[in-house]
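Inspection log for the structure reproduced underneath, given as structure tokens.
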2 protein chains.
Amino acid sequence: MFATYEEVEVGATTTVGEYEVTREEILTFAEQYDPQPFHLDEEAAAQSLFGGLVASGWHTASVTMRLVVDGILNDSGAMGAVGVDELRWPNPVRPGDVLSIEVEILEKEPWREGIGVVPTRITTTKADGEVAQSYVGRVLYPMSGE
Amino acid sequence: MFATYEEVEVGATTTVGEYEVTREEILTFAEQYDPQPFHLDEEAAAQSLFGGLVASGWHTASVTMRLVVDGILNDSGAMGAVGVDELRWPNPVRPGDVLSIEVEILEKEPWREGIGVVPTRITTTKADGEVAQSYVGRVLYPMSGE
């Protein structure tokens, strides 16, 4: 998207998709990283706050990252990220949900010598329009000095 | 840890560990969810800001969650999480790093009817003492009404 910090356009938006989250993938991720009953077991999930099997929030974040990398980062000069603010999961991802993301450049500011930080809002939406996740990533870009 | 919101003790701390992050697991996670060169390829990683192969921040978050679930959540009444604030990765996780976590209950407040939210700081540390990750999770607990 942008090769250098100087090229980054505040206000730019992009949409990337799609990624279908299967029941099998929800279970595989949960078994390894988030083995809570509502991510692993249909019956326990039915009794939970979610009313059925849902993906781990960290799984939703990981799927989102795959869309960010394929659609944006690997065609950019981005050097990694310092961190993330305001990570929220307003609606859970359920088996078969198809996710897409919207990326919005919020601002840009110098970070360390030769590197700038670019707060970027990433919103993950399900096919039915519900927002599954949102956050602001603090992405690093190299300064060209030009 | 705590079955209900009423039982939650603000200021309580717990340590949980350990989890060794292997090179193979770093590559497997990155191939699926974060295929940036510094998570996949030793030579590209050597040229990056990180100076060598590092785990995806989302991988570090996922490993951390496994420690949180095994050590805390599955022995508690926790109902899930609304989201996460101030997620930071001050030092990258490299192949062979052994991670442990410290959990600190920061505060507690009502959320919706019958449910409270408990801001909880989760700090992930490597065996050499460097902090790999920190965040504040907003964890939900059921109110007993007692």
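The values are calculated or read from the model by the stated rules, or taken from the named source; none is laboratory data. Since the model is a prediction, treat every value here as computed from it, not as a measurement. Note: ideal-geometry Cβ built from the backbone for every residue, glycine included; neighbour counts use all protein chains shown.
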Taking the stretch A:99-146 and keeping residues modelled with pLDDT of 95 or more and of a type in the set (Lys, Arg) leaves A:Lys108, A:Arg121, A:Lys126, A:Arg138
Of the listed residues (B:Glu113, B:Glu109), the one being without any contact (Cβ under 8 Å) to a residue 24 or more places away in the chain, among the acidic types (Asp, Glu), over 26 Å from B:Glu20 (Cβ atoms) and in contact with a strand residue (DSSP E or B) (Cβ under 7 Å, 6 or more places away or on another chain) is B:Glu109
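Given the structure, is A:Met65 within 7 Å of chain B (Cβ to nearest Cβ), over 24 Å from B:Pro119 (Cβ atoms) and touching a Leu at 6+ places or on another chain (Cβ under 6 Å)?
Judged against the criteria, A:Met65 is not a match.
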Scanning the stretch A:72-106 for residues that are assigned to a strand (DSSP E or B) and at the interface with chain B (Cβ under 7 Å from one of its Cβ atoms), the one surrounded by the fewest Cβ atoms within 10 Å (Cβ to Cβ) turns out to be A:Glu86
Among B:Ala3, B:Ala55, the single one that is without any contact (Cβ under 8 Å) to a residue 60 or more places away in the chain, part of a loop (DSSP other than H, G, I, E, B) and in contact with a strand residue (DSSP E or B) (Cβ under 9 Å, 6 or more places away or on another chain) is B:Ala55
Within the stretch A:15-62, residues more than 12 Å from A:Pro95 (Cα to Cα), more than 12 Å from chain B (Cβ to nearest Cβ) and touching a helix residue (DSSP H, G or I) at 6+ places or on another chain (Cβ under 7 Å) come out as A:Val16, A:Gly17
Expected single match for crowded, with 20+ Cβ neighbours inside 10 Å and either among the β-branched types (Val, Ile, Thr) or in a strand (DSSP E or B) (or both) among A:Thr60, A:Thr123 is A:Thr60
For the stretch B:1-34 the number of residues that are within 16 Å of the chain's Cα centre (by Cα) and hydroxyl-bearing (Ser, Thr, Tyr) is 4
